[in-house]
Amino acid sequence: MSIPVIAVIGPTAVGKTALSVELAKKLDGEVISVDSRQVYRYMDVGTDKIDRETRKDVLHHLIDVVDPDEIFSVADFIEMADKAVDRIISRGKVPVFAGGTPFYYRALFDRSLTVNVPSNREIRQELDSMDPFDRFDYLAEVDPETARRLSPNDSVRVIRALEVYRVSGKPISSFRKKSASDKKERYSPLYIGLLRPREDLCLSIEKRVRQQFYGGYPEEVQWLLDKGFSPELPSMKGFGYRELVLYCQGKMSLEEGIESDIIATRQFAKRQMTWFKKFFPVNWYDLSKTSYNGVLSETFELSVAHVEEGDNS
């Protein structure tokens, strides 16, 4: 029997966090973060983590689970998410997933990616040092099916695919086929999607970025650098952090960093929606057309019905 769970999805800065917290309160649930940046400790302002007081009120999982210089893969996410769900269910509560990393959702709910091949730091470092086009040619040679789905610039997925091949001796596409043939799914997600008009979302993104940059973000990045965390780490190369590394090094003004981060975040939001529109079925809510309270009320009713249906199946 599949486990009924709630999943709040949508682009960055749309309001997922607020809705997930309120839903968790009303459902007597706990939140599981689906955010590839919030897993890192000490990176709070730049990843827009929910405040600790709220986390005391509503328990959150998969936040602050690794240091910035540790490797965190999709396999790690799935393993931790599975364990979190088991703990939440054992307490008689409802798992509420919330976050904007489509790749994690897809891997967790569709089981379309391997979860059993561990990361290997030495192999990843070797692959990371390769020329992107040579690395992609390598992937095309050992796993042409996966190479057809990716581009040379998609370094995260190209490296993971090659890592799986090097560790297991099998292409990652073979795990995908095995997963697709397994009809039994562990989870039954109810997708709740939040939208805003592009203009509204862009304004929301700009407002948040400026609040971050003037609310301790530069100091956070300087602290990370002072503690010895390399600017070359994947965790430090995300938008916002990469700009502030340059700012701390005297190579970029604060305003230039802000503008660069705003542009990168808008582009990221667009990519998120490209992926989320492929999810099905999703209950989409345009927050410019429906009041927040109306969305909360309707999604609560849908969630209760979904959980009850799962319990009775």
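The table that follows gives values for the structure above.
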{"read-out": "Top positive-direction residue, dipole computed over the chain with Cβ charges, set Thr17, Leu195, Gly215", "value": "Leu195"}
{"read-out": "Whole-number Å³ per residue for the convex hull built on Cα positions in segment 227-305", "value": "176 Å³"}
{"read-out": "Under the Karplus curve 6.51 cos²θ - 1.76 cosθ + 1.60, θ = phi - 60°, whole-Hz ³J(HN,Hα) for segment 84-92, x wherever Gly or Pro sits", "value": "5, 4, 4, 5, 5, 5, 5, 8, x"}
{"read-out": "Phe268/Asp67 FRET efficiency (R0 25 Å; Cβ-Cβ; nearest 0.05)", "value": "0.60"}
{"read-out": "Amide H contacts under 5 Å for Val94, placed H, 5+ residues apart", "value": "Gly29, Glu30"}
{"read-out": "Prolate/oblate/rounded label for segment 1-100 (Cα gyration tensor, a/c 1.5)", "value": "oblate"}
{"read-out": "Given charges at beta-carbon only (K, R positive; D, E negative), |dipole| of segment 63-170 in Debye", "value": "660 debye"}
{"read-out": "Of Lys56/Lys277; Lys16/Lys237; Lys16/Lys289; Lys83/Lys237; Lys207/Lys237; Lys16/Lys56, pairs whose Cα-Cα distance is over 26 Å", "value": "Lys56/Lys277; Lys83/Lys237"}
{"read-out": "Per-residue HN-Hα couplings for segment 41-54 [Karplus 6.51, -1.76, 1.60; θ = phi - 60°; Hz; x = Gly/Pro]", "value": "5, 6, 10, 9, 5, x, 9, 6, 5, 5, 5, 5, 5, 5"}
{"read-out": "Table column - 3J(HN,Hα) (Hz), segment 8-21, Karplus curve with 6.51, -1.76, 1.60, x for Gly and Pro", "value": "9, 10, x, x, 4, 6, 8, x, 5, 4, 4, 5, 5, 5"}
{"read-out": "12 Å Cα-Cα reach of Lys25 towards aspartates and glutamates, excluding residues that sit fewer than 8 places from it in its own chain", "value": "Asp57"}
{"read-out": "Per-q log10 I(q)/I(0), segment 198-269, q = 0.21, 0.28 Å⁻¹ (Debye; single scatterer per alpha-carbon; no solvent)", "value": "-0.86, -1.32"}
{"read-out": "Nearest-20 debye value, the chain charge dipole, Cβ charges on Lys, Arg, Asp, Glu", "value": "780 debye"}
{"read-out": "Inter-label distance for Ser174 and Arg186, nm, one decimal - labels placed 7 Å from Cα along Cα-to-Cβ", "value": "2.2 nm"}
{"read-out": "Estimated 222 nm signal from helices in the chain, with DSSP H stretches of n ≥ 4 weighted -39500 (n - 2.57), rounded to 500", "value": "-17000 deg cm²/dmol"}
{"read-out": "Net charge dipole size for segment 5-102 [Lys, Arg +1 and Asp, Glu -1 on Cβ; Debye, nearest 20]", "value": "400 debye"}
{"read-out": "Rel. contact order, % - alpha carbon contacts under 8 angstrom, at least six apart, the chain", "value": "27 percent"}
{"read-out": "Exposure proxy ranking, count of Cβ atoms within 10 Å, fewest first, for Val31, Val167", "value": "Val167, Val31"}
{"read-out": "By average C-beta atoms within 10 angstrom, highest first, the peptides 215-221, 125-131", "value": "215-221, 125-131"}
{"read-out": "Rounded D (µm²/s) - the chain, Kirkwood Rh over Cα pairs, Stokes-Einstein at 20 °C, 1.002 mPa s", "value": "104 µm²/s"}
{"read-out": "Label zone at Ala305, where the point sits 7 Å out along the Cα-to-Cβ direction: segment 186-218 residues whose backbone N lies under 17 Å", "value": "189-193"}
{"read-out": "Choice from Val65, Val156, Val45 showing the highest fluctuation, given a GNM over the chain with Cα pairs closer than 10 Å", "value": "Val156"}
{"read-out": "Residues of segment 145-168 with amide N under 17 Å of the 7 Å Cα→Cβ point at Phe133", "value": "151-155"}
{"read-out": "Inter-part distance where segment 41-113 and segment 222-282 are each reduced to a Cα centre, Å", "value": "20 Å"}
{"read-out": "Computed lengthening from Cys202 to Glu145, 0.36 nm per intervening residue step minus Cα-Cα distance", "value": "16.9 nm"}
{"read-out": "Net lengthening on full extension, Ser90/Asp57 (0.36 nm per residue, minus Cα-Cα)", "value": "10.0 nm"}
{"read-out": "Segment 198-269, relative contact order in percent, only Cα pairs under 8 angstrom and at least six apart counted", "value": "35 percent"}
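Readers should treat all values here as calculations from the given coordinates under stated rules, not as data from a laboratory. Keep in mind the model is a prediction, meaning the values are calculated, not measured. With ideal geometry, Cβ positions are generated from the backbone for all residues, glycine too; neighbour counts draw on all protein chains shown.
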